[in-house]
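Okay, so here's the structure we're looking at.
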Amino acid sequence: FWMVALWAYAGYAEKRRAGQSAWGDYALALGAFAGGLMSKPMLVTLPCVLLLLDFWPLRRADLGGGEKGGVKACGRLVLEKVPFFALSAAVSWITVVAQKQVGTLSTVLSLDARLANAAVAVVRYVAKFFMPVDLAVLYPHPGTWPTEKVGFAVGFLLVLSALAIWQVKRRPWLLFGWLWFLGTLVPVSGIVQVGIQSMADRYTYVPMLGVQIALLWTLREAVTPGLRQTWAMGAALVLAVLAGRTFDQIGVWKNSITLFEHTLAKTERNYLAHNNRGTALFDAGRVDEAIAEYRKSLAVNPGYEEAANNLGHALAQQGSPREAVELYRKALQLKPELIEAHNNLGNALSDLGEVDEAITHYEFVLARKPQHADALNNYGVALAMKGRLPEAVARIEEALKLAPDKLSAHSNLGNVFALMGRHAEATREYRRALEMSPNDARTLNNLGNVYSAQGQLEEAVKHYQQAIRLESVNPEAHANLGFTLARLGRRDEALTHLRTALQQKPDYAQAKAWLDAVVAAPAAGK
């Protein structure tokens, strides 16, 4: 859209110069600009670039007098861009409001700190353009830069600006390219700080066009007929080097683990990268490593609520709900409206038997996000634990309307139906869960319970045995299998499985009661 707008504007300017009707080109330029703004707000600077084009290469205005100079002539060119500036103003306002609403617009840094970072970022961007090494997906903001670095950056800006102005008559493309670069960088320079980055490589694809124009037009002067082959070989070498760097960077972006490992190697005190690497490791099932990364994130920034919430979730998965509760509460102290922390805290409290408080957290989530499928599912489980079974069914069914393939919701709904004695419906839900995850030992055990409750003992035994084959350390399945075998008169096998259940879970009261009953019962034929 950016390039189409420039192309259409150039056509408009040429037709105006020739005295032809050009409003079709103008409309195309304005429409392309609108499309670009809807794609990405950083295009708000395009009207200023159009004014630069009027200066060079279109030469619709100059800095001196004459018919193309002066306040009146320049005023006409500015007036011509009013619709473009109006669109820019509207999108800028919408963007700032939206960033405030989602909490990414930072108000912590002072204006001096933001201006200093913007100056340093300019130098770093130019350096990475000419030497694209140590690239990272996130460069964390240091808060303040050393005075000497800021001084060097300001000096760099002043020297290059003075050089471009000095050469404006002889080489106007230098000032054009330099102003293109600085101007288009303004929305993403950090003067208005969005997020925690000090700079971002992804912001430069439009600004760096200005640097390229200034560089290439200057090199063009040096290309004489006798040196064309030499310059062509040099260009090929540059492309080959950049192709190699591109190939290397593609490897960095192989997956989230490699991406954030690389980022941590190239940056310092990057708490967000530690957190994100932890999440990638957690998703890969490497929970211990994930916990270590979350702890590193909190060591760098103890006030980072996402890392506290994620660490709590990982610890809960490892069977440490008490420690998880403390971390969720810490996350909520830092950010009381953190929806996922409320949901996770509800889960941990539910695991600890503190169901009433868990329910308050699920209700908090659903009051703000009624279509939160996880919270609806978890809320249903908590209601079932309180004996409110019809309400539990309603909430879990709501979750399944939002997420029909949610495995845990089908399994939980089966559990509630089983408690209500609605065996056919329970069987249906368990089978749906097993269609999605055939090797889910817990669901197989629960389905065995339903068959057992209906007196289909052989079918129950088959499902308990399958659950144990998939998960040998499974005291519930061993106990259920033992009790069912006892009902079938297979006493010795029953004793073996009940004893195994108690070995795996010594405080398993139900298994102990069943074992005592089987031991006390007379053996067959005696």
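Note on segment 93-132: residues that are assigned to a helix (DSSP H, G or I) and either of a type in the set (Lys, Arg) or at pLDDT 90 or above (or both) amount to 22. Scanning segment 360-394 for residues that are open to solvent by less than 10 Å² (accessible area, probe 1.4 Å) and either among the β-branched types (Val, Ile, Thr) or touching a His at 6+ places or on another chain (Cβ under 6 Å) (or both) yields a count of 1. Annotation note: Cβ proximity below 8 Å between a residue of segment 153-171 that is over 18 Å from SER189 (Cα atoms) and a residue that is among the β-branched types (Val, Ile, Thr) (sequence gap 6+ or interchain) occurs for ARG171/THR218.
For beta carbons closer than 6 Å, sequence separation of 6+ or different chains, a first residue in segment 370-395 that is in contact (Cβ under 8 Å) with a residue 60 or more places away in the chain and a second that is of a type outside the set (Val, Ile, Thr), there are no qualifying pairs. A single member of GLU429, GLU425 is without any contact (Cβ under 8 Å) to a residue 40 or more places away in the chain and surrounded by fewer than 21 Cβ atoms within 10 Å (Cβ to Cβ), and it is GLU425. Restricting GLU435, GLU458 to residues that are free of Cβ contacts under 8 Å to residues at least 12 places away in the same chain, open to solvent by 20 Å² or more (accessible area, probe 1.4 Å), in a helix (DSSP H, G or I) and of a type outside the set (Gly, Ala, Ser) narrows the list to GLU435. When ASN275 is tested against the conditions (1) at pLDDT 95 or above; (2) not in a helix (DSSP H, G or I), the lone failure is (2).
One line per residue, one yes/no per condition, for (1) surrounded by fewer than 16 Cβ atoms within 10 Å (Cβ to Cβ); (2) in contact with a strand residue (DSSP E or B) (Cβ under 7 Å, 6 or more places away or on another chain); (3) within 26 Å of LEU51 (Cβ to Cβ):
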| residue | (1), (2), (3) |
| --- | --- |
| LEU135 | yes, no, no |
| LEU138 | no, yes, no |
| GLY151 | yes, no, no |
| ALA162 | yes, no, yes |
| ILE165 | yes, no, yes |
| VAL168 | no, no, yes |
| PRO172 | no, no, yes |
| GLY210 | no, no, yes |
| GLU221 | yes, no, yes |
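Looking across ARG269, ARG220, one residue alone is on the phi > 0 side of the Ramachandran plot, modelled with pLDDT under 95 and basic (Lys, Arg). It is ARG269. A single member of THR267, THR279, THR246 is in contact with a strand residue (DSSP E or B) (Cβ under 9 Å, 6 or more places away or on another chain) and either under 30 Å from MET385 (Cα atoms) or among the polar types (S, T, N, Q) (or both), and it is THR267.
The values are calculated or read from the model by the stated rules, or taken from the named source; none is laboratory data. Treat the numbers as computed from the prediction; the structure is a model and nothing was measured. Here the Cβ is made from the backbone with ideal geometry for all residues, glycine too, and neighbour counts use every protein chain on show. Just the protein is used for accessible areas: all its heavy atoms, side chains included, with ligands, DNA and RNA removed. Shrake-Rupley method; radii C 1.70, N 1.55, O 1.52, S 1.80 Å.
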